[in-house]
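Everything below concerns the one structure shown next.
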Amino acid sequence: MTSHIDPKTLKAWLHDGGEIALLDVREHGQYGQAHLFYGIPLPFSRLEADAPRLVPRRSVRLVAYDDGASAVALRSAERLAALGYTGVHVLQGGAPAWEAAGYRLFAGVNLPSKTFGELAEEAYRTPRVSANELAGMLARKNEVVVLDGRPVSEFHKMSIPGATCCPNGELAYRVRRLVPDTGTPIVINCAGRTRSIIGAQTLINLGLPNPVYALENGTQGWFLNDHKLAHGGTQRYAPDSGNTDLRPAAKALAERFGVPTVTAQTVQQWAAQADRTLFLCDVRTPEEFAVRSLPGAQHTPGGQLLQAGDQYFGVRGARLVLFDSDGVRAPTVASWLRQMGHDASVLEGGLDGGLASGLSLAPAAAPTAPALKTIDAQSLSARLAQGGVAPIDVRGSMQFRAGHIPQARWSIRPRLAADTKGETRQIVLVADDAALAAWAAMSELDGHAPLLLEGGMPAWRAAGLPLQATPALPADADCIDYLFFVHDRHDGNKEAARRYLAWETGLVAQLDAQERAAFRLPSATSHA
């Protein structure tokens with residue numbers, strides 16, 4: 001039987017110092033409209049795929065919540081229990097009950113990280129330049145280097161003309177090769193504010209002699225001031241640009257913020273503990289991780305671990321052990337995680353610190369999904385012509401809008417049972433991920449034996465079969481997997497960009513005293 005807790009109890013749990021996994025099991029668009037500050041997004045549609053990675057210890061204290069009316073949290077709790085989680089609770093009344101109890105709900109995503117960025121700017125008084133100031137510097141061909149602190153994929157979509165992509169987690173390791181002259185000004189940018197601030201302050205905290213600035217409001221500020229963005233950019237740090245000159249500075253920075261250095265033996269002991277959660281975090285590049293890593297480690301690129309930690313670890317109060325291969329990146333990133341209030345340590349010796357053998361930490365693998373029988377694209381097309389099948393597309397709503405199989409309907413796991421109620425035809429699921437479709441079918445299509453389109457939409461397209469685009473369907477209100485205000489700001493919508501920046505700068509004022517006290521930033525007066 002599922003246990004329920006009230007908002008007051010949950011609030012106490014969140015601040016009692018113990019580990020807790022607070023899971024918002026609604027879909028991404030619902031989560032992004034209004035959620036608890038420490039809520040980890042784990043949509044019901046991805047529950048079995050992501051829960052073991054985000055919450056690897058099955059006995060951890062866990063609370064799931066939803067909108068209080070849909071019963072998605074109860075259904076998720078049942079599935080989590082089936083996966084072996086023993087400490088599962090449901091927040092009675094969901095997010096609305098939390099708000100009714102006098103606690104704040106927050107819009108947006110990656111809340112703790114973005115709020116921390118605003119607090120960091122306040123504490124450190126991070127120098128910044130406006131879009132117009134930077135545009136003037138570039139127009140005058142002043143000596144200035146613009147480094148974009150986002151991942152390559154985000155940089156490729158839009159960037160400041162002339163910028164070089166160097167994700168924040170790589171800055172300490174590569175900046176001296178990218179900017180060898182110690183007098184050249186450096187401007188760090190992102191799409192909005194957080195990574196601009198954290199990237200710039202990282203270099204300042206490391207004692208870089210160059211003048212360093214954050215670009216105020218990032219690419220959005222650039223766009224709002226009518227400067228043209230570049231698209232499709234490929235200029236990035238060179239693979240051989242790593243440099244350990246800043247290793248002493250990174251070590252000193254870690255010591256300044258109380259980052260412990262732990263041995264392989266200590267980590268092995270932690271991994272064997274049944275009452276604590278351990279995340280082993282490889283903060284290097286995707287290419288390095290693919291070549292070699294440590295058993296049980298997940299790839300957590302350093303910049304994104306700071307920007308979007310809730311995508312990599314879902315247990316508040318867990319141990320985070322970071323490692324690299326250079327002694328620069330892990331301590332630098334850990335210095336920020338400590339200031340964010342996380343129990344972060346650095347593995348002594350990094351990749352070659354002796355942890356590769358004898359580690360009992362198993363990779364957090366998702367359970368094996370039940371197998372669905374498949375149907376190929378040509379056979380499905382023939383049966384559609386006969387009218388004997390009902391194709392249900394469970395891909396993302398925006399993908400469905402862009403192109404889907406004629407006669408197909410869009411659905412998503414929380415609504416799948418209701419959307420197929422009374423359906424007597426053979427259901428055929430269209431999915432990007434066969435495992436997600438199988439989990440959805442198992443829990444939501446009782447009494448049906450659905451088929452799965454073999455190869456998904458790529459196979460349908462490869463067969464030269466017709467597609468239908470429906471830009472307005474599903475309706476915006478039904479696209480519970482999509483958060484419009486986060487995405488529209490990058491699609492030429494200036495009002496959306498303004499709203500987003502206002503949301504970001506307004507986060508700190510929404511914190512309560514306990515939420516603010518959880519961060520461990522130095523006081524602003526110490527940087528006067």
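The values are calculated or read from the model by the stated rules, or taken from the named source; none is laboratory data. Please read all numbers here as calculations on a predicted model, not as lab measurements. Quick reminder, even Gly has a Cβ in these numbers, built from the backbone with ideal geometry, and neighbours come from all protein chains shown. In case anyone asks, the SASA skips ligands and DNA or RNA and just uses the protein heavy atoms, side chains included. Shrake-Rupley method; radii C 1.70, N 1.55, O 1.52, S 1.80 Å.
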Practice problem: Find out how many positive minus negative residues lie around PRO180, taking Lys and Arg as positive, Asp and Glu as negative, among other residues whose Cβ is under 13 Å from that of PRO180. | Solution: 0
Quiz prompt | Probe 1.4 Å, all protein chains present, accessible-area order of PHE313, PHE485, largest first | solution = PHE485, PHE313
Quiz item: For the chain, what is the mean residue ellipticity at 222 nm derived from helices alone (per DSSP H run of n ≥ 4: -39500 (n - 2.57); sum divided by total residues; nearest 500 deg cm²/dmol)?
Solution: -10500 deg cm²/dmol
Exercise. Just the number, please: Stokes-Einstein D of region 251-360 in µm²/s, Kirkwood Rh from C-alpha pairs, 20 °C, 1.002 mPa s.
Key: 157
Quiz prompt | Protein-only accessible surface order, largest first, of LYS251, LYS494 at 1.4 Å | solution = LYS251, LYS494
Quiz item: Sorted from largest down, what three extents in whole angstroms do the Cα atoms of region 1-157 have along their principal axes?
Solution: 69, 33, 28
Quiz item: With all protein chains present, how much of the accessible area of the chain (probe radius 1.4 Å) comes from carbon and sulfur, to the nearest whole percent?
Solution: 52
Self-check item: Contact order relative to length of the chain, as percent, for alpha carbon pairs under 8 angstrom and 6 or more apart
Solution: 16
Quiz item: Accessible area per residue, 1.4 Å probe, Å², for region 1-123: what's the number?
Solution: 34
Quiz item: Between ASN142 and LEU105, 0.36 nm times their residue separation minus their Cα-Cα distance comes to what?
Solution: 8.8 nm
Quiz prompt | Nitroxide proxy distance, nm - points 7 Å out along Cα→Cβ at ALA513 and LYS157 | solution = 4.0
Self-check item: Extension gain, LEU224 back to ALA463 (0.36 nm per residue minus Cα-Cα distance, nm)
Solution: 81.7 nm
Quiz item: Cα-based Rg of region 228-306 per 2.2 N^0.38 Å, rounded to two decimals?
Solution: 1.44
Exercise. Take every Cα-Cα pair in the chain and report what % of them are more than 45 Å apart.
Key: 16
